[in-house]
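The values are calculated or read from the model by the stated rules, or taken from the named source; none is laboratory data. Remember, predicted model here, so these are calculated numbers, not experimental data. Quick reminder, even Gly has a Cβ in these numbers, built from the backbone with ideal geometry, and neighbours come from all protein chains shown. Side chains included, ligands, DNA and RNA excluded: accessible areas come from the protein's heavy atoms. Shrake-Rupley method; radii C 1.70, N 1.55, O 1.52, S 1.80 Å.
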Amino acid sequence: MIARLAGPNELDELLDLRRVVFVDEQGVPADLEEDGLDPACTHFVVRDDHGAVVGTARMREYHGSAKAERVAVLASARGTGVGRLLMDALEAEARRQGLPDVRLNAQTSAVPFYERIGYATEGDEFEDAGIPHLAMRKRL
Ligand code: COA
């Protein structure tokens, strides 16, 4: 499997996966999940051997950093390296754009994943969409 930039005609499929993971599985309100920022973001996709979308993430520049958001892997594909592939692709794109670091707000349950791939927490835990989060950052 590879992670690559997604084209605009793939966005509906990425939104479907995000809905399954964040809205159906985690209970995030749909109007918070779809925040209107997607047109301003660079999107990433991983497909399985059958062409099904199993992972997605998006990136946008925010105050001079790359901000990673909406990192989602289909439950049945977790633990197989899809999340790492997505973040590798996102970091490569951030570097290509000359950005010095990647910042993200991790769900506290996902902090060990991000630590494994080189991110460090910053500051205190906070709540977003009813889910505890920690800010994290990786210098590129
Ligand atoms: N706790 C500890 N380690 C974890 C972990 C966890 N919850 N999730 C992944 N890891 C580790 C893996 O074991 C692997 O380690 P290795 O290098 O020793 O093999 C490494 O992190 C990479 O894991 P990978 O298989 O690429 O992660 P994934 O494809 O399962 O994706 C998430 C991780 C968090 C993106 C995925 O679980 C997910 O989509 N969760 C639901 C949505 C979510 O919480 N998104 C994050 C929003 S901030």
Rounded to the nearest 0.05, what FRET efficiency do His63 and Arg116 give with R0 = 35 Å and r taken as the Cβ-Cβ distance? Could you check?
0.85
Expected 222 nm ellipticity per residue - DSSP helices of 4 or more, -39500 (n - 2.57), all of the chain, to 500
-6500 deg cm²/dmol
Using a Förster radius of 25 Å, what is the FRET efficiency between Thr80 and Val23 based on their Cβ-Cβ separation? Nearest 0.05, please.
0.60
Expressed as a whole percentage, what fraction of the accessible surface of segment 16-113 belongs to carbon and sulfur atoms when a 1.4 Å probe is rolled over the protein heavy atoms?
52
Any number yet on Rg/Rh for segment 39-140, C-alpha, Kirkwood?
0.96
Note down the nm distance, to one decimal, between modelled labels 7 Å out along Cα→Cβ at Asp35 and at Arg4.
2.8
Added length on full extension, which subtracts the Cα-Cα distance from 0.36 nm per residue, Thr108 to Asp88
5.1 nm
Show the residues, 5+ positions off or on another chain, whose built amide H is closer than 5 Å to the amide H of Leu140.
Asp101, Val102
